[in-house]
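Presented below is the structure to which this report refers.
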Amino acid sequence: MKFIEGVEKHDARICDYPEIGSPEPLLKGCNGYVYRSFIVSKHNKLIYIVNSERKVTIVDVWDMRREPSKLVSRIKRNSPK
């Protein structure tokens with residue numbers, strides 16, 4: 001429940017101000033995108049990209065307790081085309 005509330009709480013802010021999220025250092029230069037992240041609950045962060053028309057695409061919801069190197073391989077495998 002907390003997780004859903006966190007996403008809903010920040011959803012409008014991310015849509016209105018897509019650059020509000022911090023650039024995700026683990027994904028710097030990955031697949032040619034600038035990945036941004038926003039913490040939505042104690043253990044989860046939203047990973048997203050913003051295109052040239054300021055359209056936000058959520059790429060992943062990451063459990064921050066997991067091994068960080070797995071995030072990179074997961075994003076490379078599932079990146080938007």
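The values are calculated or read from the model by the stated rules, or taken from the named source; none is laboratory data. All figures in this text were calculated on a predicted structure; none of them were measured in a lab. Backbone-built Cβ (ideal geometry, glycine too); neighbour counts: all protein chains shown. Heads up: the accessible areas ignore ligands, DNA and RNA and are worked out on the full protein's heavy atoms, side chains in. Shrake-Rupley method; radii C 1.70, N 1.55, O 1.52, S 1.80 Å.
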Subject >> Debye, to nearest 20: dipole size of the chain, +1 on Lys, Arg Cβ, -1 on Asp, Glu Cβ >> reply: 340 debye
Original post:
For TYR48, TYR33, what's the largest-to-smallest order of accessible area, 1.4 Å probe?
Top reply: TYR33, TYR48
**OP:** Quick one: which residues, 5 or more positions from TYR35 or on another chain, have an amide H under 5 Å from its amide H? H modelled 1.01 Å from N in the peptide plane, none for Pro or chain starts.
**Re:** GLU24, GLY29
**OP:** Calculate, for the range 21-73, the solvent-accessible area per residue in square angstrom, rolling a 1.4 angstrom probe over the heavy atoms of the protein chains.
**Re:** 60 Å²
**OP:** Just give me a number: lysine pairs in the chain, eight or more positions apart or cross-chain, with C-alpha atoms less than 15 Å apart.
**Re:** 8
Subject >> Carbon + sulfur, % of accessible area of the chain - ligands and nucleic acids excluded, 1.4 Å >> reply: 53 percent
**OP:** Let me see the pair-distance distribution of the chain: every alpha carbon pair, 10 Å bin width, integer percents in order.
**Re:** 18, 54, 27, 1
Subject >> Most fluctuating residue given options LEU71, LEU46, LEU26, as computed from a GNM of the chain linking Cα atoms under 10 Å >> reply: LEU26
